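The values are calculated or read from the model by the stated rules, or taken from the named source; none is laboratory data. Keep in mind that this is a model prediction, so the values were computed, not measured. Using ideal geometry, Cβ is built from the backbone for each residue, glycine included, and neighbour counts are taken over all protein chains shown. Just so you know, the surface numbers come from the protein's heavy atoms only, side chains and all, with ligands and any DNA or RNA stripped out. Shrake-Rupley method; radii C 1.70, N 1.55, O 1.52, S 1.80 Å.
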Amino acid sequence: FNMYLKKSKTIVIKIGSTILIDEKKIIRKKWLTEFAKDIKELLDQNKNIILVSSGAIALGCKKLNLNKKNLKLDKSQAIASIGQIELMNFFNKTFAGNKINISQILLTLDDTEQRRRSLNAKRTFENLFDLNFVPIVNENDSTATTEIKYGDNDRLASRVAQISGADCLILLSDVNGLYTKNPKLDKNVKLIKEIKNIDKKIEKISTNSISEHGTGGMKTKIDAAKICQLSGCFMAIANGLLNRPIQQINRKNNCTWFLPKVSKLDARKKWIIGSVSPKGRLIIDDGAKRALKKGKSLLAAGIKEVLGKFNKGDHIKIIDNNNEECGRGLSSFSSDEINKIKGHHSSNIKNLLGYIAKSEVVHKDDMVEI
């Protein structure tokens with residue numbers, strides 16, 4: 001039995017649309033029937049399971065006989081709404097055969113980017129576990145617009161893992177994992193079994209190998225792995241095209257595991273670091289960077305440039321002189337306000353803005369150094 005899975009109490013499993021739906025846009029019923037046995041086995045070991053499933057739009061297209069490639073966003077929202085019922089029907093019928101109860105949760109980006117709503121989602125997951133139900137999560141494509149979309153279920157799955165306090169996320173893909181080179185172009189490749197640090201080399205390897213139905217290539221999976229690592233959660237990229245994919249991980253472990261960093265962050269800071277859509281960026285000088293490393297707040301004096309438009313309380317990235325991300329946090333000011341006070345001493349803020357405001361642009365309690 002795989003030790004990472006064995007140690008995990010709460011497991012999130014993401015099923016890509018290429019795995020659930022074949023080239024003819026038909027659900028792979030036999031695969032889903034076998035997969036249900038995997039889930040039953042995990043539930044029998046008293047594990048909490050969350051599924052994140054793609055496929056609503058592909059199934060909607062099949063029902064309406066449309067080609068997904070030419071869809072406009074507003075049309076795809078309607079099609080997602082049609083396909084979502086088809087998707088849940090398949091899950092319901094298949095899982096009922098193994099006496100697995102399922103529920104549906106549709107999330108928009110705002111549900112997880114706003115702290116109060118993300119706590120509500122966490123509570124819902126916990127209550128469903130108590131009732132012995134398996135929540136199936138999907139992005140709420142019927143209402144999500146481009147600006148408020150996760151855009152791919154890899155990032156959605158990592159955010160769900162982080163919010164639910166999961167111990168392990170498994171991304172079932174159409175490849176065994178991350179290879180040293182693109183396996184489609186090069187025969188002499190090796191599967192990387194374990195990754196502790198996502199460095200530039202790993203980022204470079206994750207060339208986009210995008211499948212027909214899916215929106216995410218390897219890059220979105222690496223983004224997901226970063227969130228998991230910082231949340232103290234194991235993550236695997238594994239081949240979902242095989243029957244009983246979880247059993248295969250247990251028996252053969254032929255996949256790529258990303259190991260979590262020992263996380264000393266509290267839940268709130270994990271939520272800050274796991275933001276999937278920071279609204280803007282602040283470029284800071286070396287003095288401010290040194291202060292951040294010592295655990296101090298970010299002051300106006302150390303800010304050189306403001307990129308993007310954002311409001312007070314929004315998630316922002318903090319970037320150093322070399323364009324490297326050195327922190328994330330919640331801004332105490334809007335981008336317009338920071339543009340007026342950047343480079344100035346905190347004691348001048350009242351004069352510059354015309355009203356009393358905080359002296360820290362990002363307070364240390366609202367910031368995570370990277």
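General observations
- Which of THR33, THR94 is most accessible, then next, and so on - probe 1.4 Å: THR33, THR94
- Normalised contact order of the chain, rounded percent, pairs of Cα under 8 Å and 6 or more residues apart: 15 percent
- Considering only the chain, percent of DSSP beta bridges that pair antiparallel, nearest 5: 35 percent
- Principal axis dimensions, the range 1-107 - Cα atoms, whole angstrom, descending: 44, 25, 22
- To put it simply, the accessible area of the range 244-370 at a 1.4 Å probe is 47 percent carbon and sulfur.
- Computed in the context of the full set of protein chains, the accessible area of the range 1-55 at 1.4 Å probe radius has 50% of its extent on carbon or sulfur.
- Förster radius 25 Å - calculated FRET efficiency between LYS309 and ASN348, Cβ distance, rounded to 0.05: 0.60
- Computed over the range 225-370, Cα set: Rg, Dmax in Å: 19.3, 67
- Scattering curve values for the range 54-113, log₁₀ I(q)/I(0), Debye with Cα scatterers, q = 0.17, 0.18 Å⁻¹: -0.66, -0.71
- Amide H contacts of ILE105 (H built 1.01 Å from N, under 5 Å, at least 5 apart or other chain): ILE136, VAL137, ASN138
- P(r), alpha carbons of the range 225-291 - 10 Å bins starting at zero, rounded %: 18, 28, 31, 15, 8, 1
- Probe 1.4 Å, accessible area per residue of the chain, Å²: 48 Å²
- Surface composition of the range 68-185: carbon and sulfur atoms hold 50% of the protein heavy-atom accessible area at a 1.4 Å probe.
- With contacts taken as Cα pairs under 8 Å and at least 6 residues apart, the range 1-72 reaches a relative contact order of 41 percent.
- The listed residues PHE258, PHE234, once ranked by accessible area (1.4 Å probe) with the largest placed first, stand as PHE234, PHE258.
- Inter-label distance, nm, simple model (7 Å from Cα along the C-beta direction), ARG115/ASN98: 3.9 nm
- Looking at the range 225-370 alone, DSSP beta bridges between its own residues are antiparallel in about 80 percent of cases.
- Using alpha carbons only: equivalent-ellipsoid semi-axes of the range 297-370, gyration tensor based, whole Å: 19, 13, 11
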